[in-house]
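As structure tokens, the structure follows; a few thoughts come after it.
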Amino acid sequence: MPAATTEAATEPIWTEAWLADFLQSSGFAGVLAVAAAFVAYLAARHTANRNTAAARELQARERWWTMFNWMQDEMATLDLPRATMVARALEAEAKTRFEREVLAATILRFLLTRRGRP
């Protein structure tokens, strides 16, 4: 019995005729669907990473303000070594100019209060 061959198996690929047929086939639509899904995946991953980073930054800012408020509330009872430790931690975590300036003002107030000035 002779081997069965098909016309598609003997037709050369990457010719203009083959490309024209492929561009009109469901195979091309499948390739485009996979490409679109990949692009959507990359966009979703990028957005998720950006949202995660923003959430982490928000949590860091909230922690900074919580520690700052605690330091202000406890300023009258803090001794110099503990106040220095808290101030250094706040200074290391301060991200904005406003945070650094409000911290500097609070430290100045603490030092002036310790010297007996209001």
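Read-outs: derived from the displayed coordinates by stated rules, not from any lab. Quick caveat, the model's predicted, so the values are computed rather than measured. All Cβ positions, even for glycine, are placed from backbone atoms using ideal geometry, and neighbour counts span all protein chains on display.
Of the residues making up the range 73-99, those that are surrounded by 13 or more Cβ atoms within 10 Å (Cβ to Cβ) and not hydroxyl-bearing (Ser, Thr, Tyr) are Met75, Leu78, Ala83, Val86, Ala87, Ala89, Leu90, Glu91, Glu93, Ala94, Glu99. Of the residues making up the range 90-117, those that are closer than 12 Å to Phe68 by Cβ and touching a Phe, Trp or Tyr at 6+ places or on another chain (Cβ under 9 Å) number 7. If the condition is being over 22 Å from Arg114 (Cβ atoms), part of a helix (DSSP H, G or I) and without any contact (Cβ under 8 Å) to a residue 12 or more places away in the chain, then the range 58-101 contributes Leu58, Gln59, Glu62, Trp65, Thr66, Ala92, Arg97, Phe98.
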